[in-house]
Amino acid sequence: MTPEEIEALFTRADGSFAFARWGRPIAPIVFGVDDATLAVVKGAISATCELAGHEMGDMDAELGSNLMIFFFKEWQELTEVPGMDRLVPDLAPLVARLDEVEANQYRFFRFDESGAIKACFVFLRMDEHLSSVPAQTLALSQIVQSILLWSDRAFQDRSGLMQQGDTTVLRPDIAGLIRAAYDPVLPPAAQDASFALRLYARQEALQ
């Protein structure tokens, strides 16, 4: 992956560059699925953390769970979850906006003082499209999009996943970039596009 390609993955629609990785162990909780799907989701989280060399924990000291994944049928269900309005600012207008555009997913991040990710909330409205996606593919796709603060346009034109026989796996270039992003020599967050050159250098060094 070239420096320009890396930069594009963290350059938002408004032209700003923003990179961040998790600064604490990921302690996940999943709502709205059966035990079989839960095992698939947690397996995807564990595999992605292992790839990144990042720790997965049972409990976050500040938040309890810091990666919360919600599966549901209608956006309005979120407004009925006790305490959700304290976790997600301006929840009611957000839900109205997502409902209006018929969105089927939304991610919201919170950050610590260093700019590192300290929490991520993943909302999946299981419409006809998402319901047709195999659980393994959906889980891996969502975890990959939550392991780093990617651009809002990062995977619009091309998925971060690929088929390998009957199995869905990470694209090798995305896997390599995630490994590079979690290299301890790099800071946990950056807002300057020149940081893409450092990511490129780490990616090359780790190959």
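The values are calculated or read from the model by the stated rules, or taken from the named source; none is laboratory data. Note that the structure is predicted; figures quoted are calculated from it, not measured. Ideal geometry is used to build each Cβ from the backbone, glycine not excepted, and the neighbour counts take in all protein chains shown. Side chains are part of the model used for accessible areas, which takes the heavy atoms of the whole protein and leaves out ligands, DNA and RNA. Shrake-Rupley method; radii C 1.70, N 1.55, O 1.52, S 1.80 Å.
Of note:
- Subset of the stretch 21-48 that is of a type in the set (Gly, Ala, Ser) and over 20 Å from Arg171 (Cα atoms) - its residue that is least open to solvent (accessible area, probe 1.4 Å): Ala27
- Contact map, the stretch 178-197: residues that are more than 12 Å from Gly23 (Cβ to Cβ) paired with residues that are surrounded by 14 or more Cβ atoms within 10 Å (Cβ to Cβ) and hydroxyl-bearing (Ser, Thr, Tyr), Cβ distance under 9 Å, separation 6+ or inter-chain. Pairs shown: Ile178/Thr48; Ala180/Tyr200; Ala193/Thr11; Ala196/Thr11.
- The stretch 128-177, residues that are modelled with pLDDT of 95 or more, in a loop (DSSP other than H, G, I, E, B) and among the hydrophobic types (A, V, I, L, M, F, W, C): Leu149, Trp150
- Filter result for Glu62 (assigned to a helix (DSSP H, G or I), of a type in the set (Asp, Glu) and in contact with a strand residue (DSSP E or B) (Cβ under 9 Å, 6 or more places away or on another chain)): no
- Every condition in (1) touching a helix residue (DSSP H, G or I) at 6+ places or on another chain (Cβ under 6 Å); (2) over 18 Å from Pro188 (Cα atoms); (3) not in a helix (DSSP H, G or I) is met by Arg21 except one, and the failing one is (2).
- Condition check for Glu7: under 20 Å from Leu177 (Cα atoms), part of a helix (DSSP H, G or I) and touching a helix residue (DSSP H, G or I) at 6+ places or on another chain (Cβ under 8 Å): yes
- The selection criterion, being of a type in the set (Val, Ile, Thr), open to solvent by less than 30 Å² (accessible area, probe 1.4 Å) and touching a strand residue (DSSP E or B) at 6+ places or on another chain (Cβ under 7 Å), does not hold for Val95.
- Here the stretch 65-82 is the region considered, the condition is being over 16 Å from the mean Cα position of the chain (by Cα), open to solvent by less than 20 Å² (accessible area, probe 1.4 Å) and of a type outside the set (A, V, I, L, M), and the residue that is nearest to Asp34 (Cα to Cα) is Phe72.
- Check on Asp60, open to solvent by less than 50 Å² (accessible area, probe 1.4 Å), charged (D, E, K, R) and either more than 30 Å from Ala205 (Cβ to Cβ) or at pLDDT below 95 (or both): yes
- Within the stretch 149-201, being in contact with a Phe, Trp or Tyr (Cβ under 7 Å, 6 or more places away or on another chain) and either open to solvent by 40 Å² or more (accessible area, probe 1.4 Å) or under 18 Å from Val122 (Cβ atoms) (or both) holds for Leu149, Trp150, Ser151, Gln191, Asp192.
- Inside the stretch 75-112, residues that are more than 26 Å from Val144 (Cβ to Cβ), assigned to a loop (DSSP other than H, G, I, E, B) and among the acidic types (Asp, Glu) make up a count of 1.
- Considering residues of the stretch 103-120 that are among the aromatic types (Phe, Trp, Tyr) and in contact (Cβ under 8 Å) with a residue 24 or more places away in the chain only, the residue most open to solvent (accessible area, probe 1.4 Å): Phe111
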